[in-house]
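**Student:** Below is the structure I would like to discuss, written out as structure tokens.
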Amino acid sequence: MVMVQKDSSGLYPEARLEPKPNEAAKLRPRRIREGPLDAVHVFWLAGMSCDGCTVSVSGATHPSIEDLQNGTIPGLPKMILHHYVLSTESGEEFVENYRMAWKGELESPYVVVYEGSIANEEIAHRTGGFWASMGTEPDPEEPEGQRSIPTAEWMKRMAPGAAAVIAIGTCATWGGIPASAGNPTGSMSLMDYLGKDYRSAFGLPVINVPGCAPQGDNFTETVAAIFYYLQGIGPIPDIDALGRPAWLFAETVHRGCTRGSWYEEGTFAKEYGDKECLVELGCWGPVVNCNIVKRGAINHVGGCMEAGGVCIGCTMPGFPDKFEPFYTEPPGSIISTTGSKALGSFIRPLRKVTQNSQNREPRWDAEHDVPSAWSEVGEPGPVKKVEEWLYRMWQGTNGERPGREGKDRNWGGTRPGRDEDYPTG
Ligand code: SF4
Ligand code: SF4
């Protein structure tokens, strides 16, 4: 048995290896039939994963896995999903489908999805083991023996013939937690594993749908966009420089966050459970590309800040190492929070003046009376009136003030049940 020693920084030497494109990248992509297609196979493989991606994808609703499988989306071919958790087949019968895809024996094109990061199987092989495998086959190193087939090897076999390869979740897209500092597995992302030159049979590089776990609809929507392209009725999906669907990952969390206005007014949560912006508790939202608060975690409900949690940057290539320690104020946010606190201390009172004014009907102003039975909503006092007048004068210095003055009003005479006449004109 070969014992692999950690170096002085606690890493195994292989974990430091520069990832190299494997042989799959050098293979010439196979030509496959283009649309119209009745069905597309989707083969799911898992490496160093917690199965969280599977959980979130099975909860997707727009579209759902069932929508894709049943072919209920107009124009889309049916998805035939081969998944070790969701498929009804098991054992050799299940694995045989993967062999058929690898050998080009399927009638329909296929897409390969990889969940989890790809470990360096050479490390495990030295001690006769493996990190992540699926199925067995005769072992060339041991007559009459069987070997487990690493899922990384399945990827190497299937990638050249795939219509598209999708990395799902941050482990597959960027290496994620299994590739973080101190790991003994030499894990890497799918992009690092297949290399820059990899192209699918349809000419596509690896498509990345990050997140730990990813938002499920982000994945199913990407699959639908790819299917439209394979079907020949949609364009090549709009993918950004890092291989992410651009329409899903172009904006920062902060830009869609329902707590953003607290940030802008310089008001911040002091502890979990507070309603304000969470940046001082460790939120990285202003610099992280993610749409979860806009889209919700499942069925448009939830999402990190909606559930009271900070953003720890789980969709980003630098996650987790560059975001640790979690739950402490991100460096740099001190500049923007100090700025927004200073501006907010000036802006908030002015907004309150406007809000107080806009919270009254013009009729109430004219009558000097607010007929609410819920509480005493009194006339503003002299100080507030002067404050409001000054502010309105100032608002008007740059042009016309908003709103129509009372003199343009027709109050319509007497209100039923009241004796007084109301001013007209
Ligand atoms: S909670 Fe985070 S994402 Fe939301 S406004 Fe604050 S800093 Fe931005
Ligand atoms: S908001 Fe941040 S922590 Fe939450 S899913 Fe998006 S990137 Fe991950």
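The values are calculated or read from the model by the stated rules, or taken from the named source; none is laboratory data. Predicted, not measured: the structure shown is a model, and the values here were computed from it. In this analysis, Cβ positions are derived from the backbone assuming ideal geometry, glycine residues included, and neighbour counts consider all displayed protein chains.
**Student:** State which residue pairs qualify: first residue farther than 13 Å from Val111 by Cβ and surrounded by fewer than 18 Cβ atoms within 10 Å (Cβ to Cβ) and inside the stretch 70-82, second residue among the basic types (Lys, Arg) and modelled with pLDDT of 95 or more in any location, beta carbons under 6 Å apart, and separation of 6 or more residues or different chains.
**Tutor:** Qualifying pairs under 6 Å: Gly71/Lys78.
**Student:** Taking Tyr263 as meeting all but one of (1) surrounded by 14 or more Cβ atoms within 10 Å (Cβ to Cβ); (2) over 17 Å from the mean Cα position of the chain (by Cα); (3) more than 13 Å from ligand 1 (Cβ to nearest atom); (4) outside the structural domain of Gly175 (by TED's automatic domain parsing), write down the number of the exception.
**Tutor:** All conditions pass for Tyr263, except number (3).
**Student:** Is at least one residue of the stretch 249-259 more than 10 Å from ligand 1 (Cβ to nearest atom), buried (at least 19 other Cβ atoms within 10 Å of the Cβ) and of a type in the set (Lys, Arg)? First the steps, then the outcome.
**Tutor:** First, the residues of the stretch 249-259 that are more than 10 Å from ligand 1 (Cβ to nearest atom): 249-251.
After this cut, where a residue has to be buried (at least 19 other Cβ atoms within 10 Å of the Cβ) as well, the list is 249.
Pick out the ones that are also of a type in the set (Lys, Arg) and you get none.
No, every residue in the stretch 249-259 fails to be more than 10 Å from ligand 1 (Cβ to nearest atom), buried (at least 19 other Cβ atoms within 10 Å of the Cβ) and of a type in the set (Lys, Arg).
**Student:** Just checking, which of Glu153, Glu144, Glu107 is over 25 Å from the mean Cα position of the chain (by Cα), among the charged types (D, E, K, R) and more than 27 Å from Ile226 (Cα to Cα)?
**Tutor:** Glu144
**Student:** A further question on this structure: How many residues, within the stretch 220-263, are over 23 Å from Cys314 (Cβ atoms) and of a type in the set (S, T, N, Q)?
**Tutor:** 2
**Student:** Please verify whether the stretch 350-367 includes one or more residues that are polar (S, T, N, Q) and within 32 Å of the chain's Cα centre (by Cα).
**Tutor:** For the stretch 350-367, residues polar (S, T, N, Q) and within 32 Å of the chain's Cα centre (by Cα): absent.
**Student:** Quick one: what pairs do we get from the stretch 303-329, first residue charged (D, E, K, R), second within 13 Å of ligand 1 (Cβ to nearest atom), C-beta under 8 Å, 6+ apart or different chains?
**Tutor:** Note: pairs meeting the criteria are Glu306/Thr258; Glu306/Val293; Lys322/Gly313; Glu329/Val279; Glu329/Glu280; Glu329/Leu281; Glu329/Gly282.
**Student:** Answer yes or no as to whether Ala159 is surrounded by 24 or more Cβ atoms within 10 Å (Cβ to Cβ), over 24 Å from Gly296 (Cβ atoms) and in contact (Cβ under 8 Å) with a residue 12 or more places away in the chain.
**Tutor:** Judged against the criteria, Ala159 is a match.
**Student:** Quick check on the stretch 224-238. Is at least one of its residues away from ligand 2 (no atom under 16 Å from the Cβ), hydrophobic (A, V, I, L, M, F, W, C) and surrounded by fewer than 17 Cβ atoms within 10 Å (Cβ to Cβ)?
**Tutor:** yes
**Student:** Here's a follow-up. Looking only at the stretch 110-135, count every residue that is farther than 23 Å from Gly169 by Cβ and assigned to a loop (DSSP other than H, G, I, E, B) and tell me the total.
**Tutor:** 4
**Student:** Somewhere in the stretch 175-198, is a residue within 16 Å of ligand 2 (Cβ to nearest atom) and of a type in the set (Lys, Arg)?
**Tutor:** No, the stretch 175-198 contains no residue that is within 16 Å of ligand 2 (Cβ to nearest atom) and of a type in the set (Lys, Arg).
**Student:** Restricting attention to the stretch 255-284, which residues are touching a residue at least 40 places away in the same chain (Cβ under 8 Å) and within 15 Å of ligand 2 (Cβ to nearest atom)?
**Tutor:** Answer for the stretch 255-284, where residues must be touching a residue at least 40 places away in the same chain (Cβ under 8 Å) and within 15 Å of ligand 2 (Cβ to nearest atom): Cys257, Thr258, Arg259, Tyr263, Val279, Leu281, Gly282, Cys283, Trp284.
**Student:** So in the stretch 301-346, with the set limited to residues that are within 11 Å of ligand 2 (Cβ to nearest atom) and aromatic (Phe, Trp, Tyr), which one is surrounded by the fewest Cβ atoms within 10 Å (Cβ to Cβ)?
**Tutor:** Filtering first and then ranking leaves Phe326.
**Student:** In addition: Are there any pairs, at least 6 apart or on different chains, whose C-beta atoms fall under 9 Å, with the first in the stretch 234-251 and over 24 Å from Leu76 (Cα atoms) and the second among the aromatic types (Phe, Trp, Tyr) and not in a loop (DSSP other than H, G, I, E, B), and if so, which?
**Tutor:** Pairs that qualify, where the first residue is over 24 Å from Leu76 (Cα atoms) and the partner is among the aromatic types (Phe, Trp, Tyr) and not in a loop (DSSP other than H, G, I, E, B), are Leu242/Trp174; Leu242/Phe249.
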